[in-house]
Amino acid sequence: MTYKSIPDLTDFLPEPLAKAVLNQYRLHLNGTHGLRHWIRVWKNGEELCCSTGANVEVVRLFAFLHDVCRKDEDIDLLHGVRAAKLIKTVLQPEFLHLPREEEKLLEYAVQGHTFGWKEADPTVMTCWDADRLDLGRVGILPHPDRLCTEAARDPAMIRRAYAASKEG
Ligand SMILES: [Fe+2]
């Protein structure tokens, strides 16, 4: 199987994992849920981690894996469930080798990120907020009531993330 070119993904993931991600992703890499979104989610998450105490490695992996099983740029409610299964059955045993606790957090964050949930472990909530803060790319200003953590609800954080998401 061929894989698409690897623009900058290897800046964030080890090359074998980056290749596996690119092999799996069925949509356009420059699309709404593609690489630039993943990078912004990581930047948001990295910033939130300073306040939330989230596990940085889990947040980083969430950013680059949570949309990997999308089949549609619009409604695809179960893509998180599919991605969590991919992590459990392929990515964890072949590439990630995370400690069990981190694996559980990552799988739960990925599996649940499409359902609008707000209560979870701080690492999971940080993942969900990092993704929701990037809604400006589809014309939506993130609403504080839809965010899980105080750090994400900070108006300055929302402003920064929204501005970045509009830049593309
Ligand atoms: Fe996302």
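The values are calculated or read from the model by the stated rules, or taken from the named source; none is laboratory data. Computed from a prediction, not measured in an experiment: that's the story for all the values here. Neighbour counts run over all protein chains shown; Cβ positions are idealised from the backbone, glycine included. Quick note on the areas: whole protein, heavy atoms, side chains included, nothing else; ligands and nucleic acids left out. Shrake-Rupley method; radii C 1.70, N 1.55, O 1.52, S 1.80 Å.
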I'd like the full set of residues that are more than 24 Å from K19 (Cβ to Cβ) and open to solvent by 30 Å² or more (accessible area, probe 1.4 Å), limited to region 72-108. D74, I75, L77, L78, R100, E101, K104, Y108
In region 13-32, how many residues are within 16 Å of the ligand (Cβ to nearest atom) and either surrounded by fewer than 15 Cβ atoms within 10 Å (Cβ to Cβ) or modelled with pLDDT under 95 (or both)? 6
Look through L96, L61 and report the one residue that is under 15 Å from the mean Cα position of the chain (by Cα) and either over 22 Å from D154 (Cα atoms) or among the β-branched types (V, I, T) (or both). L61
Condition check for C148: modelled with pLDDT of 95 or more, more than 19 Å from D74 (Cα to Cα) and either within 12 Å of the ligand (Cβ to nearest atom) or touching a His at 6+ places or on another chain (Cβ under 9 Å) (or both): no
I'd like to verify a number: residues in region 52-71 that are more than 13 Å from the ligand (Cβ to nearest atom) and either in contact with a Pro (Cβ under 6 Å, 6 or more places away or on another chain) or of a type outside the set (A, V, I, L, M, F, W, C) (or both), how many? 7
Return the residues of region 39-51 that are surrounded by 23 or more Cβ atoms within 10 Å (Cβ to Cβ) and more than 14 Å from the ligand (Cβ to nearest atom); say none if nothing qualifies. L48
Subset of region 151-168, residues loosely packed, with under 13 Cβ neighbours inside 10 Å and touching a residue at least 24 places away in the same chain (Cβ under 8 Å), comes to A163, K166, G168
R36 meets each of (1) surrounded by 19 or more Cβ atoms within 10 Å (Cβ to Cβ); (2) closer than 20 Å to T149 by Cα; (3) among the charged types (D, E, K, R) with one exception, condition (2)
Of all the residues that make up region 109-135, how many are buried (at least 20 other Cβ atoms within 10 Å of the Cβ) and either away from the ligand (no atom under 16 Å from the Cβ) or not in a loop (DSSP other than H, G, I, E, B) (or both)? 13
